[in-house]
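> So that we are looking at the same thing, I have put the structure below in structure tokens.
Read-outs: derived from the displayed coordinates by stated rules, not from any lab. Predicted, not measured: the structure shown is a model, and the values here were computed from it. Positions of Cβ are backbone-derived with ideal geometry, glycine not excepted, and every protein chain shown enters the neighbour counts.
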Amino acid sequence: MKPDSSLFKSIVAAKCPRCREGRMFPAGTLYHPTKFAKMNESCSCCGQSFEPEPGYYFGAMFVSYGLNTIYFVAAWLILDGLLDEVTTPIMFATLAGVTLALLPLTFRWSRSMWISIFVRYQGNKAASSPSTATHP
Ligand SMILES: [Zn+2]
């Protein structure tokens with residue numbers, strides 16, 4: 001395994017979980033207002049399908065919920081440390097801003113984490129045997 005092919009880096013960069021080289025999302029669309037959610041259909045390196053079945057990413061909603069909880073706790077701790085009094089309007093405005101600012105990243109990370117649960121890393125041999133299977 002190459003040093004740059006760790007699971008963590010693969011998830012953060014939204015790479016294919018099978019070969020950790022192909023992109024799950026088209027390049028240059030992360031903060032495009034209408035294209036940030038567009039996914040590639042399959043990996044350009046190993047052929048892994050990124051939408052194996054309809055509704056596949058339903059479970060990613062729970063991952064997204066967990067990520068937003070982490071953001072909210074972090075925002076609350078930072079605000080509590082910076083301000084003498086954290087009022088409800090300040091907290092809601094901050095949380096709305098954090099949620100909207102991180103929406104594209106949260107969307108991609110939650111999908112990347114979700115598919116990484118079910119698709120195993122196969123390293124270099126994945127690129128030499130194209131497949132659309134979710135369970136190798
Ligand atoms: Zn791949």
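> Being basic (Lys, Arg) and either in contact with a Leu (Cβ under 6 Å, 6 or more places away or on another chain) or surrounded by 15 or more Cβ atoms within 10 Å (Cβ to Cβ) (or both) is the requirement here; does Lys35 meet it?
Values: basic (Lys, Arg): yes; either in contact with a Leu (Cβ under 6 Å, 6 or more places away or on another chain) or surrounded by 15 or more Cβ atoms within 10 Å (Cβ to Cβ) (or both): no.
So Lys35 fails the test.
> Another one. Among residues belonging to segment 1-40 that are of a type in the set (Lys, Arg) and outside any loop (DSSP other than H, G, I, E, B), point out the one that is nearest to the ligand (Cβ to nearest atom).
Residues of segment 1-40 that are of a type in the set (Lys, Arg), as a first pass: 2, 9, 15, 18, 20, 23, 35, 38.
Next, only the ones that are outside any loop (DSSP other than H, G, I, E, B) stay: 9, 15, 23.
Details: Lys9: 14, Lys15: 8, Arg23: 9 Å.
Among those residues, the one meeting the criterion is Lys15.
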